[in-house]
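Student: The structure that follows is given in the form of structure tokens.
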Amino acid sequence: MSSNYTANGSGRRARARFVVPIALLLLGMLFASLGDAAPKSTPPKKPRKPVKQAETRKAEVPAPSPEKREVRPTELSLPPVAEFELENGLKIFYIRDELPQFSVVASAGFGKLYEGRLNAGISDLLAKGLTLGGSKRYPGDRLHEAVESVGGRIAISASWETVNISIRVLERHADLALDIMADLLTDPALDERSIADAKAMMVEEISRKKDSPSTLAIEKVREIIFDGVGYGSVPREQSVNSISQAELRTAFNNHFRAGNMAIGVVGAVESAAARGRIEKALSGVARGERVAYRFDAEKAAAAVRAGTKKIYFIERPVPQATIVVGTLAPPMAAPASYSLGVMNFILGEGSFSSRLVREIRVNRGLSYVVQSVLRQRKETGVFLAFAQTNTAQSPLTLRLILENMGKIASSPVTPDELAWARQSMINSYIFEFETPLAVLEKYMTVYHMGLPFSYITEYQRNVAGVGADAVLESGKQLFSQGAVRLVLGEGALKKELAKFGEVVVVRP
């Protein structure tokens, strides 16, 4: 999940919009902690009221026998995407739309995966600083007023691997949108006042995380696995306040360069005409080179192995315990990615039909929220299983999570589970392309991931080809390396948790 800042009004109102209801903010933080979705991942399912097993079965449509069930890819008819490169090396993706609208998205390779302990939060601070400060010709309030005056929208966000700037206007205001985008990319303000305001907002967000046990637990597991770097970076008040204006400018100058960016455009004119318009506006972006983030796979694997012998514990006087089990996952380009996705869908991401939800929530009523997620990126990935339950039932819930991870790595999934998971993943894939802009964003994500664009069109076929043996093998490979286990809850739990290994008390 990315941090999204949309400004439809003045800069003053843009600042005000950062003050959101605490419940919504904490929910957003939870899924941000789980990690952004990779080019393809099933979105987390909204929790529903637990029901009895018999009622769940009654509500389900009877499934045909495995012999009669055929997994079929859904017809995926995407609008043609024109792809070209400017002389400065800026990669452009363009889709012509029938509607008289114009959207331009600039995506720079720089996000949370580029951060460490000392500068954790810098990508988010940069996004906020750009939102509040604007550029030389469109500073602060004028940036948002210029977009709002023509009924447009502007959003700046920081995700795990990119910082994105998007502007949407009517087609007749396309030149204005490109002019604003060009000025943001070549001459950002990043003034002291805007940076100070952005820091204050981030510190407030960090403070609110203390009221979200799930966020604290998930962040801590990631921090342990990745040693506080990249996927393990956790913004704290000290790290955010220590980032200087000079550091922000350096980060911008290093990453907002043509060779490290991609531009997506949706417009109502032919691609040839659009190309001329884009070249005129964005040819001034400095060339630059592609910048990669660093990842030490051996170090992360060693942290997982060491964590397997321990049980990490965060003591908090809360009515419910939070349980998180995590391990290192391979990057998106790994051959086993499709079978890993199917395995995880069966284990815990497939809503009420998944094993963890069925075993822990539906059959036993131990947890209202239980799920597993698999997030894979260009250089690395992470698997997390998560549950919240009452203090007394937390040891049992943890044991059930570990047992189900062990089972899916030691015995084949059933034909029914396999067919259901593959077809569900195939059917839901089409909803990732609901608008031309969504199609462009998919192409840009695949580009930043370093994957071939055939990934987009061949995804369904590759999922359909996953067999039970491949699911079993991917489960073995993922879980044989061990897993970091963490529980957040009352101090009385420490004695019970000692049955799982050495209890190590840690701070969030």
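Read-outs throughout are calculated quantities, based only on the coordinates presented, and are distinct from any laboratory measurement. This is a predicted model, so every value here is computed, not measured. Cβ placement follows ideal geometry from the backbone for every residue including glycine, while neighbour counts extend to all protein chains displayed.
Student: Amide H to amide H, which residues 5 or more places from ALA336 or on other chains are under 5 Å from it, using H placed in the peptide plane?
Tutor: none
Student: Cut-off under 18 Å on the C-alpha distance; same-chain residues fewer than 8 positions from LYS499 excluded. Which aspartates and glutamates are left, in chain and number order?
Tutor: Partners within reach: GLU315, GLU403, GLU490.
Student: Compute the helix-to-body angle for 122-133: its Cα long axis versus the longest principal axis of the chain, expressed 0 to 90° and rounded to tens.
Tutor: Once rounded, one gets 40 degrees.
Student: Once the Cβ-Cβ distance between THR186 and GLU237 is put in as r, and R0 is 22 Å, what FRET efficiency do you end up with, to the nearest 0.05?
Tutor: Efficiency, rounded to the nearest 0.05: 0.10.
Student: Spin-label point model (7 Å from Cα, Cβ direction): what's the ARG153 to LYS499 distance in nm?
Tutor: 5.1
Student: On a C-alpha basis, how far is the centre of the range 370-419 from the centre of the range 91-160 in Å? Whole number, if you could?
Tutor: If we compute the Cα centre of each part, the gap is 36 Å.
Student: Quick one: if the Förster radius is 60 Å, what FRET efficiency do LYS407 and LEU170 give, using the C-beta to C-beta distance and rounding to 0.05?
Tutor: 0.60
Student: Using the Cα centre of the range 294-390 as the reference point, and only Cβ charges (+1 on K/R, -1 on D/E), how large is the resulting charge dipole? Debye, rounded to the nearest 20.
Tutor: In debye, rounded to 20, the range 294-390 gives about 80.
Student: How fast does the range 434-508 diffuse by Stokes-Einstein, in µm²/s, taking the Kirkwood radius from C-alpha pairs at 25 °C and 0.890 mPa s?
Tutor: My calculation gives 143 µm²/s for D.
Student: Give me the number: length gained by fully extending ALA273 to ASN88, i.e. 0.36 nm times residue separation minus the C-alpha to C-alpha distance, one decimal in nm.
Tutor: Full-extension gain reported as 64.7 nm.
Student: What is the angle, in °, between the Cα long axis of helix 245-255 and the longest principal axis of the Cα atoms in the chain? Nearest 10 is fine, range 0 to 90.
Tutor: So the helix axis and the longest Cα principal axis differ by about 90 degrees.
Student: Identify, among THR162, THR131, SER339, the residue whose Cα sits farthest towards the positive end of the charge dipole of the chain, taking +1 on the Cβ of Lys and Arg and -1 on the Cβ of Asp and Glu, with the dipole about the Cα centre.
Tutor: Highest projection toward the positive end goes to SER339.
Student: Moving to a separate point now. Rounded to the nearest 500, what is the 222 nm mean residue ellipticity of the chain from helices alone, with -39500 (n - 2.57) per DSSP H run of 4+ residues and division by all residues?
Tutor: It comes out at -12500 deg cm²/dmol, rounded to the nearest 500.
Student: Which value, in Å³ per residue, describes the convex hull spanned by the Cα atoms of the range 236-387?
Tutor: So the per-residue Cα hull volume is 240 Å³.
Student: What FRET efficiency comes out for the pair ARG305/LYS136, r = Cβ-Cβ distance, R0 = 45 Å, nearest 0.05?
Tutor: That pair, ARG305 with LYS136, gives E of 0.30.
Student: Also: Starting from the Cα of GLU434, step 7 Å along the direction of its Cβ; do the same at PHE352; then give the gap between the two resulting points in nm.
Tutor: Here the modelled spin labels are 2.2 nm apart.
Student: With Cα extents along the principal axes in Å in mind, check (i) 63, 52, 48; (ii) 63, 54, 41; (iii) 74, 50, 40 and report the label derived from this structure.
Tutor: Computed from these coordinates, Cα extents along the principal axes in Å corresponds to label (ii).
Student: Grab the Cα-Cα distance for ARG208 and ASP469, subtract it from 0.36 nm times how many residues apart they are, and report the gain in nm with one decimal.
Tutor: 89.5 nm
Student: Which entries of LYS209/LYS407; LYS209/LYS309; LYS112/LYS136; LYS136/LYS220; LYS136/LYS210 show an alpha-carbon separation above 32 angstrom in the structure shown?
Tutor: In this structure, LYS209/LYS407; LYS136/LYS220; LYS136/LYS210 lie more than 32 Å apart at Cα.
Student: Kindly work out what percent of the DSSP beta bridges joining two residues of the chain are antiparallel, to the nearest 5.
Tutor: Percentage antiparallel, nearest 5: 80.
Student: Among VAL325, VAL463, PHE383, whose Cα projects farthest towards the positive end of the dipole of the chain, with charges put on the beta-carbon of Lys, Arg (+1) and Asp, Glu (-1)?
Tutor: Farthest towards the positive pole: VAL325.
Student: Between helix 213-226 and the chain, what is the angle of the helix's C-alpha long axis to the longest principal axis, kept within 0 to 90° and rounded to the nearest 10?
Tutor: 80
Student: Could you check the spin-label model distance between ASN462 and ARG507? Points 7 Å from the Cα along Cα→Cβ, value in nm.
Tutor: Placing both labels 7 Å along Cα→Cβ, they lie 4.3 nm apart.
Student: Out of SER244, VAL265, ALA200, whose Cα points farthest toward the positive end of the dipole of the range 156-300 (charges: +1 Lys, Arg; -1 Asp, Glu; placed on Cβ)?
Tutor: Result: VAL265.
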